[in-house]
Amino acid sequence: MRGKFNEQLEYLGSLFLAIFLALVLGAGIMILNGKNPVQGYMALVSGALGSKYLLATTLAKTVPLILTGLATAISFKSGIFNIGGEGQLYLGAFAAAYVGFTFTELPVVAGIILAVIAAMVVGGLYAFIPGLLKVYYNIDEVITTIMFNSIAIMFTGYLVNYPFQASQGKMGGTDMIAEGFKFPKLVAMSKLNTSIFYTMIIAVLIYYLMKKTSYGYNFKIVGENSIFSRYAGINNKKYMIWAMIISGALCGIAGAFEVYGTHYRFLQNISKGLAFDGMLVSLIVKNNPVGIVLMSLFFAILKTGSNAMELNTGVPSELILVIQSVIILFIAGESGFKEILKRRQLNKARTVK
């Protein structure tokens, strides 16, 4: 237990170091371009947290990151890699929107529950297919899920431009959902809505599943050592498929929340890589549910504050992409750096002897 705690503490230190170095690199880029990094970062923080409205905007951006991050965590922890979260989000969003503009006479609670269930089922089934292909036919799930992303995005694009085109307005979106189904805003004029409460409940449930139940332990064992898990009597195929289904369902919920909390209808470009951002968040914190929540907030601060930074100081908002990439690069190379340090220490010890 102590060894595991030390390992986690060591990784946490590596993560903070990676963030610090990325920010230092960002500051260096600002200086080279004649900008003041202190002013730049102050504008970034102020632009993300400087008012009630800005804080609400930042929190609103954490919702899809948390959900898609958790979706990544549960599949990757189980040794099966769901890269198809974007497509599952699109299909889940469309399914939820369909319920919202079709069953308008339903009571509000029943309509919202039906919409979320529809999103979960559609997203889960869409992830189930590549999971099934992987465990029974050994077809690479990375390739199939990436391909399924394109299929889902193009298919929903066809749906909203032809059979389910909005009765009024431009192409590229469905009709609005029923007025009563819209999630209430928590801060006026912002995108923050009650979906953040549902998201935190889901995060707690996923944390409990992964950390406190035998199912979560089995998911972890299957992912870490499939041969050992089989000898231990764990049905690898069942757990890998269920991991994909749960992962797809979470992405579907993320899509439903985008419809019911932000856009109030399905849009052809409803997501600009939300699932990929969530995947990066999860990988940075090694698929830890608590870490996903915190890193989602950090990414949301960077995204929200970057626009204010550009507006107030002239520092391009694209600098944030550089900072995110550097963090990912350092974290990805963590094990390699540790191996190099260990070898140097061994060589030094041998030299001393």
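For the stretch 250-353, the helices (runs of 4 or more DSSP H) that sit wholly inside it and include 1 or more residues that are within 29 Å of Ile153 (Cα to Cα) are 274-284, 289-313, 319-332.
Condition check ((1) open to solvent by less than 10 Å² (accessible area, probe 1.4 Å); (2) under 18 Å from the mean Cα position of the chain (by Cα)) across all residues:
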| position | (1), (2) |
| --- | --- |
| Leu59 | no, yes |
| Ile66 | yes, yes |
| Thr72 | yes, yes |
| Lys77 | no, yes |
| Gly87 | yes, yes |
| Tyr98 | no, no |
| Phe101 | no, no |
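Annotation: Tyr231 fulfils all but one of (1) without any contact (Cβ under 8 Å) to a residue 40 or more places away in the chain; (2) closer than 29 Å to Ala152 by Cα; the unmet one is (2). Taking the stretch 62-118 as the range and being polar (S, T, N, Q), part of a loop (DSSP other than H, G, I, E, B) and closer than 20 Å to Leu274 by Cα as the test, only Asn82 passes.
Of the residues making up the stretch 213-251, those that are of a type in the set (S, T, N, Q) and over 27 Å from Glu86 (Cα atoms) are Thr213, Ser214, Asn225, Ser226, Ser229, Asn235. Candidates are the residues of the stretch 119-139 that are free of Cβ contacts under 8 Å to residues at least 40 places away in the same chain and in a helix (DSSP H, G or I); the one that is nearest to Ala178 (Cα to Cα) is Ile129. When the stretch 41-57 is filtered for residues that are over 19 Å from Ser317 (Cβ atoms) and either open to solvent by 80 Å² or more (accessible area, probe 1.4 Å) or among the basic types (Lys, Arg) (or both), only Lys52 remains. Among the residues making up the stretch 12-40, those that are open to solvent by 60 Å² or more (accessible area, probe 1.4 Å) and part of a helix (DSSP H, G or I) are Leu12, Phe16, Leu17, Phe20, Leu21, Val24, Leu25, Ile31, Leu32, Val38, Gln39. Only one entry of Val326, Val293 meets the criterion of being under 17 Å from Leu65 (Cα atoms) and either among the polar types (S, T, N, Q) or touching a residue at least 12 places away in the same chain (Cβ under 8 Å) (or both), and that entry is Val293. Do we have Gly157 as among the small types (Gly, Ala, Ser) and in contact with a strand residue (DSSP E or B) (Cβ under 8 Å, 6 or more places away or on another chain) here? Answer is no for this residue.
Can you find a residue that is on the phi < 0 side of the Ramachandran plot, in contact with a His (Cβ under 9 Å, 6 or more places away or on another chain) and small (Gly, Ala, Ser) anywhere in the stretch 51-74? The answer is no; no qualifying residue exists. Considering only the stretch 299-317, I want to know if a residue exists there that is open to solvent by 40 Å² or more (accessible area, probe 1.4 Å), within 26 Å of Pro184 (Cβ to Cβ) and more than 19 Å from the chain's Cα centre (by Cα). Yes: one or more hits.
The values are calculated or read from the model by the stated rules, or taken from the named source; none is laboratory data. In this text the structure is predicted, and so the values were computed from the model without any measurement. Glycine gets a Cβ as well: all are built from the backbone with ideal geometry, and neighbour counts include every protein chain shown. These accessible areas exclude ligands, DNA and RNA; they are computed on the full protein's heavy atoms, side chains included. Shrake-Rupley method; radii C 1.70, N 1.55, O 1.52, S 1.80 Å.
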